[in-house]
Amino acid sequence: MTSVALLADQLFAAVPGGIGAYIRGLIPALREADPTLDLTLFHARHGPADHVPELDGLTRVELSRGIRSLYPSWNLVGRPSLPSSLSSARVLHAPSPVAIPPAGPGQRLVVTVHDLAFRLYPSLFPPAWRTLYRAGLRRAVRHADAIVAISRHTARDLARHARVDPARIHVIPLAASLPESAQDPGPVLDHLKVPRPYLLFVGTLEPRKNLVRLVRAYRRVAVRLPHTLVLAGPAGWRTQRLHRELSLRGPGRVMLTGRVPAADLDALYRGADAFCYPSLYEGFGLPVLEAMARGVPTVVADSSSLPEVAGDAALRANPRSVRALAGAIERILTDRDEAARLADAGRERAALFSWDQTARMTLRAYGS
């Protein structure tokens, strides 16, 4: 029996983003893939682990605020030593570099690195994030027995920019979670006050997502289209430029939903005529897979990991060109044949990814 301690908490638990989705998808799949796994989930109250279901063989430990305040010390100085509840596990898994515990004798340390955006685009991140992620990456490079990269693109960045031996990197892609039943999205959209038809973006509102250019591209075509642009997700950081852009008069309508409950997000995807994800840099881009899995025609940036995830099942556009983004948006919203082709291709592409596959590959990284 393999005992694994997984630290689901983040320093910035209020904005869980893709890491929260990773935790919620991975843990049930790990238990399904290996029913003998002895898994302990360490988490904060009201953190990204809230929606992880209760499972046989899963022990949940809510960490106190005092313990969580030590996380920066783990990354910056490698101290203090592990609490006794962590020291008995054979495998320690840090699902992001925010907090990497110091492994004890005989323990295997596994760290998941989602992307190197903080290294390649430092101006887009608050100083506190840059400091912790840089320190965490250094600890991962020096001490991790295995480093999980969620895409080939992230693996290449680790080898190129952090000088990680490729033999230590396990490329393990993510997957889209789907509800068991597809109900009419209408009541949820009415509750959220989302006007139809609409073009959708889902994600944390922060500079890397390139939302100022998305708004400008949308406004270029809004005079010819009835669609609202819906930006769904919590406010992250440095959103001042986006709000200044939104304050300018222009054609069309842009709606900010704020954080959407997980139970409502499926309906928001399925009600959209199209999905657009123009991010400047992504380690994976999970919302792209979530949209395609639901048959939503999708536009992605032609950079970083997004072409790797979307394949030929999405339109691609230069994320730094408002004109290119506008052209892709207009095409996907007006060419019905192309939209239908992309809807079918997206479902087929998304079906190539599964949490079962992610879990089995992760177990290999654990040494199981």
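The values are calculated or read from the model by the stated rules, or taken from the named source; none is laboratory data. Everything numeric here is computed off the predicted structure, so don't read it as measured data. Methodologically, a virtual Cβ is constructed for each residue, glycine included, from the backbone with ideal geometry; neighbour enumeration extends over all protein chains shown.
Brief remarks follow.
- Considering the stretch 177-204, and only residues there that are under 25 Å from VAL52 (Cβ atoms) and hydrophobic (A, V, I, L, M, F, W, C), the residue that is surrounded by the fewest Cβ atoms within 10 Å (Cβ to Cβ) turns out to be ALA182.
- Matching option when the condition is in the same structural domain as PHE284 (by TED's automatic domain parsing), within 22 Å of TYR121 (Cβ to Cβ) and touching a Leu at 6+ places or on another chain (Cβ under 9 Å), among VAL254, VAL230, VAL194, VAL215: VAL215
- Filtered residues of the stretch 83-132 (kept if farther than 21 Å from GLU62 by Cα, in a helix (DSSP H, G or I) and among the polar types (S, T, N, Q)): SER123, THR131
- Here ALA274 meets each of (1) without any contact (Cβ under 8 Å) to a residue 60 or more places away in the chain; (2) over 26 Å from PRO122 (Cα atoms) with one exception, condition (1).
- Residues that are among the hydroxyl-bearing types (Ser, Thr, Tyr), closer than 20 Å to GLY25 by Cβ and under 22 Å from the mean Cα position of the chain (by Cα) number at least 1 in the following helices (runs of 4 or more DSSP H) confined to the stretch 142-248: 152-161.
- Test: GLY271 is at positive phi and either buried (at least 17 other Cβ atoms within 10 Å of the Cβ) or out of contact with any Gly (no Cβ under 8 Å at 6 or more places or on another chain) (or both): no
- Here the condition is being surrounded by 21 or more Cβ atoms within 10 Å (Cβ to Cβ), modelled with pLDDT of 90 or more and of a type in the set (Gly, Ala, Ser); of ALA140, ALA162, it holds for ALA140 alone.
- Pair list, Cβ < 7 Å and 6+ apart or interchain, from the stretch 347-368 residues that are touching a residue at least 24 places away in the same chain (Cβ under 8 Å) to residues that are among the small types (Gly, Ala, Ser) and surrounded by fewer than 17 Cβ atoms within 10 Å (Cβ to Cβ): ARG349/GLY311
Residues are listed down the side, and each one gets a yes or a no for (1) over 28 Å from ASP157 (Cα atoms); (2) in contact with a Lys or Arg (Cβ under 9 Å, 6 or more places away or on another chain):
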residue	(1), (2)
ASP273	yes, yes
ARG294	yes, yes
LEU306	no, yes
PHE353	no, no
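- Residue match in the stretch 26-43 (condition: surrounded by fewer than 20 Cβ atoms within 10 Å (Cβ to Cβ) and at pLDDT below 90): yes
- Set LEU76, LEU70: member being at pLDDT below 75, farther than 30 Å from LYS209 by Cβ, surrounded by fewer than 20 Cβ atoms within 10 Å (Cβ to Cβ) and not hydroxyl-bearing (Ser, Thr, Tyr): LEU70
- Looking across ASP145, ASP157, one residue alone is in contact with a Leu (Cβ under 6 Å, 6 or more places away or on another chain), more than 25 Å from PRO307 (Cα to Cα) and at pLDDT 95 or above. It is ASP145.
- A single member of LEU342, LEU352 is at pLDDT 95 or above, among the aliphatic types (A, V, I, L, M), more than 16 Å from the chain's Cα centre (by Cα) and buried (at least 20 other Cβ atoms within 10 Å of the Cβ), and it is LEU342.
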